[in-house]
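The values are calculated or read from the model by the stated rules, or taken from the named source; none is laboratory data. Since this is a predicted model, take the numbers as computed values, not measurements. In this analysis, Cβ positions are derived from the backbone assuming ideal geometry, glycine residues included, and neighbour counts consider all displayed protein chains. Just the protein is used for accessible areas: all its heavy atoms, side chains included, with ligands, DNA and RNA removed. Shrake-Rupley method; radii C 1.70, N 1.55, O 1.52, S 1.80 Å.
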Amino acid sequence: MTDRVLILDFGSQVTQLIARRVRESGVYSEIHPFNVSDETIRAFDPKAVILSGGPASVRTAEAPRAPDTVFKLGVPILGICYGQQTLCAQLGGEVEGSEHQEFGRAFLEVTGESALTEGLWRPGERHQVWMSHGDRVVRLPEGFRVVGTSEGAPYAMFADEERRFYGVMFHPEVVHTPDGARLLANFVHGVAGCAGDWTMAAFRQQELDKVRAQVGDARVVCGLSGGVDSSVAAVLIHEAIGAQLTCIFVDHGLLRAGEAEEVVELFRGHYNIPLVHRDARALFLGKLAGIAEPEAKRKIIGGTFIDVFEEEAGKLGGAEFLAQGTLYPDVIESVSFTGGPSVTIKSHHNVGGLPERMNMKLVEPLRELFKDEVRALGRELGLPQSLIGRHPFPGPGLAIRIPGEVTAEKCEILRKADAIYLDEIRKAGLYDAIWQAFAVLLPVRTVGVMGDARSYDHVCALRAVTSTDGMTADSYPFDHAFLAMTATRIINEVRGINRVVYDVTSKPPGTIEWE
């Protein structure tokens, strides 16, 4: 059995990054709420446990605590930020508030040796780390010793080598701690002795076996959007059960240029996967007529999609399972905030849920993967790079890129502008360096002079962001010549646009969308 690391979540916005870093080192990990049951912990059989950060203070009566069970498993434990503090407090140490808070870049003075830092950091060295704390440890539990300090934390890193319990006040999972990924790898390999044998090839075979065992001889329908997640899920399931799978592709008229044709050609022509293609463009645009409020648009698109999907699934008859491309972040957020499993139908929206009247069981072969891992699985399955590397297209497609009312005319104008923008990005060799790029049709018009006549047309905004995980983003620094060329092409080739601007706003944690 593959070694597994259990991560207990205390609410940090970057807990997902801990799991990513552990998996990047070749070790499988899962995130569970801090109050997970003892039975679940024992059944998971972790080789090591990591306690995440979080916004609470261990000094309050209602502060979350780690289950006592984890301290009795006999496996290594690493506490990060709040996880360090609750580990300390629960084992007899002391935590207090501090006037010297540390938020952002800080420097750790390594004062002692430990198995956690062996071969990485040595006593007397000074290393940059990323801090985010107001409380601090002021007295260690019995058996612990300090191995690192910072200006605001006298016990910024400590260790109990006998029990293999460690605590760090900083966040090794973020890129702002340059050696953080190596430190986490040191913990799971050097301290916990994990083998590092978790690969996409092994995951592929594991999921094929699981799908076959779950489905048996039953029929499965898959909601296919043409995006990376649903496409990888569909190809994996088809490899497992063949013609028992039928994909349903609902074309709601809010796709990028040429996407509907690409989906049909890839799945019917290349993979020979049974595919129902429902052209529902007129239906969706009709329901969106006159609607300007963003959330109202989302709900209309989500509800209409479910109705159309259910109608097409009903025509097939006899399908017992619904397959969808639910990813691990969806599962984590669902457990953290709603206390239940993810039952959101994923297409170009995340609105609504799986209606009980459909009476179908879910098949979610990607629910243990992050986005970059899904891309790796897609490569393992042989999907074309043009699909695997495609920029994310979140939310209800073009609807979030047309603030205000959505019309067929606006969609066509935006599709053409967006296609030109992406074409220029590809020609410049920048597509893979950018996480997401798209055009937006702003809800304003400007007067301009084009040739010898005045025009009164739309303003188009261009956006491109870089990101390592989709949680935060910065605008891509195009040079002026690229933007000037792209703007000129859009204005010359797209009737209805007479001005182009570039959005340079960075994005804090959250979905990278426009509205």
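Checked against (1) at pLDDT 95 or above; (2) touching a Ser or Thr at 6+ places or on another chain (Cβ under 6 Å); (3) buried (at least 21 other Cβ atoms within 10 Å of the Cβ); (4) not aromatic (Phe, Trp, Tyr), residue 224 passes all but condition (1). If you check residue 45 against the conditions, is it surrounded by 17 or more Cβ atoms within 10 Å (Cβ to Cβ), more than 19 Å from the chain's Cα centre (by Cα) and not hydroxyl-bearing (Ser, Thr, Tyr)? Spelling it out, it is not the case that residue 45 is surrounded by 17 or more Cβ atoms within 10 Å (Cβ to Cβ), more than 19 Å from the chain's Cα centre (by Cα) and not hydroxyl-bearing (Ser, Thr, Tyr). Considering each residue of region 245-257 in turn, at least one proves to be modelled with pLDDT of 95 or more and closer than 18 Å to residue 388 by Cβ.
Residues checked against (1) assigned to a helix (DSSP H, G or I); (2) open to solvent by less than 30 Å² (accessible area, probe 1.4 Å); (3) in contact with a helix residue (DSSP H, G or I) (Cβ under 7 Å, 6 or more places away or on another chain):
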{"position": "236", "(1), (2), (3)": "yes, yes, yes"}
{"position": "239", "(1), (2), (3)": "yes, no, yes"}
{"position": "246", "(1), (2), (3)": "no, yes, yes"}
{"position": "254", "(1), (2), (3)": "no, yes, yes"}
{"position": "268", "(1), (2), (3)": "yes, no, no"}
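The criterion of being open to solvent by less than 20 Å² (accessible area, probe 1.4 Å), among the hydrophobic types (A, V, I, L, M, F, W, C) and either within 27 Å of the chain's Cα centre (by Cα) or at pLDDT below 90 (or both) does not hold for residue 116. Every listed requirement among (1) at positive phi; (2) touching a Cys at 6+ places or on another chain (Cβ under 7 Å) is met by residue 47 save one, (1).
Listed here are the residues, each with its yes/no results for (1) open to solvent by less than 30 Å² (accessible area, probe 1.4 Å); (2) closer than 18 Å to residue 231 by Cβ; (3) out of contact with any strand residue (DSSP E or B) (no Cβ under 9 Å at 6 or more places or on another chain); (4) without any contact (Cβ under 8 Å) to a residue 40 or more places away in the chain.
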position	(1), (2), (3), (4)
367	no, yes, yes, no
384	no, yes, yes, no
426	no, no, yes, yes
429	no, no, yes, yes
434	yes, no, no, no
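Against the conditions (1) farther than 21 Å from residue 189 by Cα; (2) in a loop (DSSP other than H, G, I, E, B); (3) not β-branched (Val, Ile, Thr), residue 74 satisfies every one except (1).
Being touching a helix residue (DSSP H, G or I) at 6+ places or on another chain (Cβ under 9 Å) and surrounded by 20 or more Cβ atoms within 10 Å (Cβ to Cβ) is not true of residue 73.
Kindly indicate whether any position in region 353-365 is within 15 Å of residue 203 (Cβ to Cβ), open to solvent by less than 30 Å² (accessible area, probe 1.4 Å) and modelled with pLDDT of 85 or more. Among the residues of region 353-365, at least one is within 15 Å of residue 203 (Cβ to Cβ), open to solvent by less than 30 Å² (accessible area, probe 1.4 Å) and modelled with pLDDT of 85 or more, which makes the answer yes. Output the residue which, of all residues in region 298-352 that are surrounded by 18 or more Cβ atoms within 10 Å (Cβ to Cβ) and of a type in the set (Phe, Trp, Tyr), is modelled with the lowest pLDDT. Top of the filtered list is 328. Of all residues in region 409-436, those satisfying the criterion of being closer than 14 Å to residue 257 by Cβ and among the small types (Gly, Ala, Ser) are 417, 419.
Return yes when residue 96 is in a loop (DSSP other than H, G, I, E, B), out of contact with any Ser or Thr (no Cβ under 8 Å at 6 or more places or on another chain), open to solvent by 60 Å² or more (accessible area, probe 1.4 Å) and among the charged types (D, E, K, R) and no when it is not.
On the way: in a loop (DSSP other than H, G, I, E, B): no; out of contact with any Ser or Thr (no Cβ under 8 Å at 6 or more places or on another chain): yes; open to solvent by 60 Å² or more (accessible area, probe 1.4 Å): yes; among the charged types (D, E, K, R): yes.
It is false that residue 96 is in a loop (DSSP other than H, G, I, E, B), out of contact with any Ser or Thr (no Cβ under 8 Å at 6 or more places or on another chain), open to solvent by 60 Å² or more (accessible area, probe 1.4 Å) and among the charged types (D, E, K, R).
Might you let me know whether region 77-86 holds any residue that is aromatic (Phe, Trp, Tyr) and either part of a loop (DSSP other than H, G, I, E, B) or open to solvent by 30 Å² or more (accessible area, probe 1.4 Å) (or both)? Break it down stepwise before answering.
Just the residues of region 77-86 that are aromatic (Phe, Trp, Tyr), to begin with: 82.
With the extra rule that they be either part of a loop (DSSP other than H, G, I, E, B) or open to solvent by 30 Å² or more (accessible area, probe 1.4 Å) (or both), the set shrinks to none.
The answer is no; no qualifying residue exists.
Annotation note: Cβ proximity below 7 Å between a residue of region 248-266 that is more than 19 Å from residue 234 (Cα to Cα) and a residue that is of a type in the set (Val, Ile, Thr) (sequence gap 6+ or interchain) occurs for 252/301. Of everything listed in (1) over 27 Å from the mean Cα position of the chain (by Cα); (2) small (Gly, Ala, Ser); (3) buried (at least 17 other Cβ atoms within 10 Å of the Cβ), the single unmet condition for residue 404 is (3).
Residue 229 - would you say it is assigned to a loop (DSSP other than H, G, I, E, B), closer than 30 Å to residue 277 by Cα, of a type outside the set (A, V, I, L, M) and open to solvent by 10 Å² or more (accessible area, probe 1.4 Å)?
Working: assigned to a loop (DSSP other than H, G, I, E, B): no; closer than 30 Å to residue 277 by Cα: yes; of a type outside the set (A, V, I, L, M): yes; open to solvent by 10 Å² or more (accessible area, probe 1.4 Å): yes.
Judged against the criteria, residue 229 is not a match.
Identify all residues within region 270-289 that are at pLDDT 95 or above, surrounded by fewer than 13 Cβ atoms within 10 Å (Cβ to Cβ) and part of a loop (DSSP other than H, G, I, E, B); write none if there are none. Result: 289, single match.
State the number of residues belonging to region 366-394 that are assigned to a loop (DSSP other than H, G, I, E, B), modelled with pLDDT of 90 or more and within 25 Å of residue 7 (Cβ to Cβ). So the answer is 1.
The condition of being small (Gly, Ala, Ser) and surrounded by 16 or more Cβ atoms within 10 Å (Cβ to Cβ) holds for only one of 185, 195, that being 185.
Over 28 Å from residue 414 (Cα atoms) and of a type outside the set (Val, Ile, Thr), is that true of residue 266? In short, no.
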